[in-house]
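Okay, so here's the structure we're looking at.
The values are calculated or read from the model by the stated rules, or taken from the named source; none is laboratory data. Here the structure is a predicted model, which is why all the values come from computation and not from measurement. Every residue, glycine among them, receives a Cβ derived from its backbone with ideal geometry; neighbour counts consider all protein chains shown.
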Amino acid sequence: MAPDFFRALVAQVPFVDCVTTMLDDELPLTVGEWEEWGNPLADQEAYNRMLSYSPYDNVREQTYPDLLVTSGLNDPRVSYWEPAKWVAKIRALSPTTKVLLKTELGAGHGGPSGRYDAWKEEALVFAFLLNSLGMVEI
């Protein structure tokens, strides 16, 4: 809502395509979430509310902060295509924004497992942020 307030953003396995996901009653977690979110298939008000805050549906032609977005191929909570769709839309509507997408091919929602792989992931996040803030070049 206020992209000019930030220089960089790290979105790790973000739930960004809320409407499309919540409309798919075949996904493992969708129906269970209707109690909290509302059922957009049966309730127009719930649908409109989700549409109003769904990040994917609210991408506009504007400059965004630098973005590092992650996903996991085996994520049962946030399907890998959600962050990928979001990144593609931002790149199309904001070609000057630096947007990086990293999809872990062997990970789920929690990112890579193992102490050293987790540290490598954190090092990537810090390197991205330091670069976006102009403190290091990578």
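Given the conditions (1) without any contact (Cβ under 8 Å) to a residue 40 or more places away in the chain; (2) within 17 Å of V16 (Cβ to Cβ); (3) in contact with a helix residue (DSSP H, G or I) (Cβ under 6 Å, 6 or more places away or on another chain), which single one is not true for E33?
(3)
Got at least one residue in the stretch 52-59 being touching a helix residue (DSSP H, G or I) at 6+ places or on another chain (Cβ under 8 Å), of a type in the set (A, V, I, L, M, F, W, C) and part of a loop (DSSP other than H, G, I, E, B)?
Yes - at least one qualifying residue is present in the stretch 52-59.
For every residue, the table says whether it meets (1) among the small types (G, A, S); (2) modelled with pLDDT of 95 or more; (3) part of a loop (DSSP other than H, G, I, E, B).
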{"position": "A88", "(1), (2), (3)": "yes, yes, no"}
{"position": "A118", "(1), (2), (3)": "yes, no, no"}
{"position": "E121", "(1), (2), (3)": "no, no, no"}
{"position": "A127", "(1), (2), (3)": "yes, yes, no"}
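Return yes or no: is V59 surrounded by 12 or more Cβ atoms within 10 Å (Cβ to Cβ), closer than 25 Å to G134 by Cα and of a type in the set (V, I, T)? Break it down into steps so the answer makes sense when it comes.
Values: surrounded by 12 or more Cβ atoms within 10 Å (Cβ to Cβ): yes; closer than 25 Å to G134 by Cα: no; of a type in the set (V, I, T): yes.
Judged against the criteria, V59 is not a match.
Answer yes or no as to whether K85 is in contact (Cβ under 8 Å) with a residue 40 or more places away in the chain and in contact with a helix residue (DSSP H, G or I) (Cβ under 8 Å, 6 or more places away or on another chain).
On the way: in contact (Cβ under 8 Å) with a residue 40 or more places away in the chain: yes; in contact with a helix residue (DSSP H, G or I) (Cβ under 8 Å, 6 or more places away or on another chain): yes.
For K85, the condition - in contact (Cβ under 8 Å) with a residue 40 or more places away in the chain and in contact with a helix residue (DSSP H, G or I) (Cβ under 8 Å, 6 or more places away or on another chain) - is met.
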